[in-house]
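*Asks:* Just passing along the structure, written as structure tokens.
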There are 2 protein chains.
Amino acid sequence: MEIITTISGIRGIVKEWKREGLSIGLVPTMGYLHEGHESLIERAARENDRVIVSDFVNPIQFGENEDFSSYPRDIEMDSIISGRAGADILFCPEGSEMYKGSFSTFVDLTGPSDRLCAKSRPSHFRGVCTVVSKLFLITEPGRAYFGQKDAQQLAVIKKMVRDLNFDIEIIGCPIIREEDGLAKSSRNSYLSESERRAAAILNKALDEGKSLVESGERDCVKIIETIKQKIAQEPLMRIDYVEIVSFPEIEPMAVMDGPILAAAAVYIGKTRLIDNFIME
Amino acid sequence: MEIITTISGIRGIVKEWKREGLSIGLVPTMGYLHEGHESLIERAARENDRVIVSDFVNPIQFGENEDFSSYPRDIEMDSIISGRAGADILFCPEGSEMYKGSFSTFVDLTGPSDRLCAKSRPSHFRGVCTVVSKLFLITEPGRAYFGQKDAQQLAVIKKMVRDLNFDIEIIGCPIIREEDGLAKSSRNSYLSESERRAAAILNKALDEGKSLVESGERDCVKIIETIKQKIAQEPLMRIDYVEIVSFPEIEPMAVMDGPILAAAAVYIGKTRLIDNFIME
């Protein structure tokens, strides 16, 4: 596996692959790869002739008081994990390579990006859409892989791809979890031992909500209340939001009617964690 | 020359061309083609194996009280002119093909899009950047051709392409003029006979400004004043703006220092006309 740091370097390789008629899968990541990313890379390797993993902590999707500077980084480990999972290239550009001097163009959307995480992270999805557009244009993939842990991001990217006519298939992949149910996340590394133990309740709370839905409950307020009460049992946790919305439109609903996303965001100390379940 | 109205239709042809290793030139237009467009198409035909002319009056680049519904349209004549100038495809999608149902994704930038025409047309360049991004993603050209009559648009598109990493060369082409100097424009068709005669003064005024620069004048205010006074001699004309800015940054300047764009926009009756000159 090759590590590439320049856009022109990637372009040269991609052009050669295209000439040979090879299909390309892209797995966009912010690095510090875990088994969740690994599952995306493995799937991309099964479905494409060549796989590019991008590894870039994207400054413009972080708010001013968020964790951009402290976000964990380990390119060496990322290259080992990517190579093992079947990637051909790890693309790790510097910030200055992605955002030159007077950079001022943004891709933004309304609709699925208006609720949930957008409330506490107002310019987050603009940053995501912009960097993902750039990565799509640099790597020209036929397929791109995103984890369903970021379910709203998945919905936003799918909408962007449809609206702007990117000729790319967006593939959402299941959440990978720790043994106690906590969704794998690079941000789990922020947690102290006691916080890490407490974090398990997030998925357990969502599971209780899911059981309610499976047993026939359709009243969103009741399900949300159940999830919130369970989370509230853990004193280390502070709820950012628990919501049930249509999927992939991300529109509020009172009574379930069609596919839903139940999503939650919580703070444990300074760490913000998200998790969700989708039901068709 | 073939007329195509669907995105999937274009994609099929483009894919085949790419397989054959052919280069593609795109000439984005709003139709009602004149000799200005023709010169773009002819140049694209000289420099590329295949040429696509897009012919789409883009609703989202018009303001609410602008001329979207009255904008002149003549696809039949456009297809004759395009074919004669060397185009292989005229792409004329319906509005509903380009903007499906819940469309809500936009490409926008700050900097070169903040001044000049943006003052009286605040969401114009957002509409331009969005439709041009879509056309780029649909037609996958190696080169795209824009007239220098829309000099600010040219600067905006070049910035967008650089910022978002479109792998496309943007080529600006000289203004084509009527015998009396009026820049060719589809909107000239709005002018009554007397307005048409009056319109010639716009270019004459800019030419006086240009002569001043050529004779060594570097004070922008003086040059602008000269241009404005000349335009004011024509009672049918109302000035929207006359400005001298750096090019391609489109930043204000008091004393000339490096390449400049002298740009003017005027109203004659309800018709808005623009013209400019660039000096290196």
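*Asks:* Tilt of helix B:220-232 relative to the longest C-alpha principal axis of chain B, in degrees (0 to 90, nearest 10)?
*Replies:* Tilt of helix B:220-232: around 90 degrees.
*Asks:* Further question: Quick check for me: using +1 on Lys/Arg Cβ and -1 on Asp/Glu Cβ, what's the dipole size of the protein assembly as shown about its Cα centre, in debye to the nearest 20?
*Replies:* Dipole about the Cα centre, nearest 20: 360 debye.
*Asks:* For A:Asp67, go 7 angstrom from Cα along the Cα-to-Cβ vector, then report the distances to that same point in the other copies in nm, smallest first.
*Replies:* 5.6
*Asks:* Using a 10 Å cut-off on Cβ to Cβ distances, tally the other chain neighbours for every residue of A:222-229 and report the average as a whole number.
*Replies:* Per residue, the number of nearby Cβ atoms from other chains is 0 on average.
*Asks:* While we're here: Could you give the distance between the Cα centres of region A:22-70 and region B:1-67, to the whole Å?
*Replies:* Cα centroid to Cα centroid, the span is 35 Å.
*Asks:* Counting only pairs 8 or more residues apart or on different chains, how many lysine pairs in region B:129-280 have their Cα atoms under 19 Å apart?
*Replies:* Eligible lysine pairs with Cα atoms under 19 Å apart amount to 17.
*Asks:* Counting partner chain Cβ atoms within 10 Å of every residue's Cβ in A:130-136, what's the average?
*Replies:* If you average over the peptide's residues, the count of other-chain Cβ atoms is 3.
*Asks:* Distance in whole Å from the A-onto-B rotation axis to the closest C-beta of chain A, together with the residue it belongs to, please.
*Replies:* Nearest to the symmetry axis by Cβ: A:Val107, 3.
*Asks:* In percent, what relative contact order does chain A have, based on Cα pairs under 8 Å that are 6 or more apart in sequence?
*Replies:* After rounding, I find 18 percent.
*Asks:* If you don't mind, another one. Antiparallel as a % of all DSSP beta bridges within chain B, to the nearest 5?
*Replies:* Percent antiparallel among DSSP bridges in chain B is about 50.
*Asks:* Further question on the same structure: Would you kindly derive the ³J(HN,Hα) couplings of region B:139-145 from the backbone phi angles with the Karplus curve 6.51 cos²θ - 1.76 cosθ + 1.60 (θ = phi - 60°), listing them in order in whole Hz, with x for Gly and Pro?
*Replies:* With coefficients 6.51, -1.76 and 1.60, one gets 9, 6, x, x, 9, 9, 10 Hz.
*Asks:* Also, I was wondering about something else. Just name one of B:Phe136, B:Ser23, B:Ala199: the one whose Cα is farthest towards the positive end of the charge dipole of chain B (beta-carbon charges, Lys/Arg +1, Asp/Glu -1).
*Replies:* B:Phe136
*Asks:* While we're on this one: Can you tell me the dipole magnitude for region A:186-273 around its Cα centre, using point charges on the Cβ only (Lys, Arg +1; Asp, Glu -1), in Debye to the nearest 20?
*Replies:* 480 debye
*Asks:* Now for a different question. Would you please calculate the Kirkwood hydrodynamic radius of chain B over all C-alpha pairs and express it in Å, rounded to one decimal?
*Replies:* Hydrodynamic radius (Kirkwood, Cα only) of chain B equals 19.5 Å.
*Asks:* If you don't mind, there's one more thing I want to ask. Which value in deg cm²/dmol, rounded to the nearest 500, describes the helix-derived mean residue ellipticity at 222 nm for chain A, given -39,500 (n - 2.57) per DSSP H run of n ≥ 4 and division by the residue count?
*Replies:* -12500 deg cm²/dmol
*Asks:* Amide H of B:Ile3 versus every other amide H placed in the peptide plane: which residues, excluding those fewer than 5 positions away on the same chain, fall under 5 Å?
*Replies:* Sorted by chain and number, the residues that satisfy this are B:Leu90.
*Asks:* Ordered shortest first, which distances in nm separate the 7 Å Cα→C-beta label point of A:Ser23 from those of the other copies?
*Replies:* Shortest to longest, the spacings are 3.1 nm.
*Asks:* So, for chain B, what is the accessible surface per residue at a probe of 1.4 Å, expressed in square angstrom?
*Replies:* In whole numbers, chain B has 43 Å² accessible per residue.
*Asks:* Say the dipole of the protein assembly as shown comes from +1 at the beta carbon of Lys and Arg and -1 at that of Asp and Glu; which of A:Ala232, A:Leu90, A:Asn165 then lies farthest toward its positive end?
*Replies:* Farthest towards the positive pole: A:Ala232.
*Asks:* Can you list the distances in nanometres, one decimal and ascending, from the A:Ala254 label point to the identical position in each other copy, with the point 7 Å along Cα to Cβ?
*Replies:* 6.2
*Asks:* Counting only protein heavy atoms and using a 1.4 Å probe, what share of the accessible area of chain B belongs to carbon plus sulfur, as a whole percent?
*Replies:* 47 percent
*Asks:* Once phi is turned into θ = phi - 60°, what whole-Hz ³J(HN,Hα) does the Karplus curve with 6.51, -1.76 and 1.60 give for every residue of region A:108-119, x standing for Gly and Pro?
*Replies:* Using θ = phi - 60°, the values come out as 9, 9, 10, x, x, 9, 8, 10, 6, 4, 5, 5 Hz.
The values are calculated or read from the model by the stated rules, or taken from the named source; none is laboratory data. Predicted, not measured: the structure shown is a model, and the values here were computed from it. Counting neighbours? That spans all protein chains shown, and the Cβs are built from the backbone with ideal geometry, glycine included. Areas reflect the complete protein model, heavy atoms only, side chains present, ligands, DNA and RNA absent. Shrake-Rupley method; radii C 1.70, N 1.55, O 1.52, S 1.80 Å.
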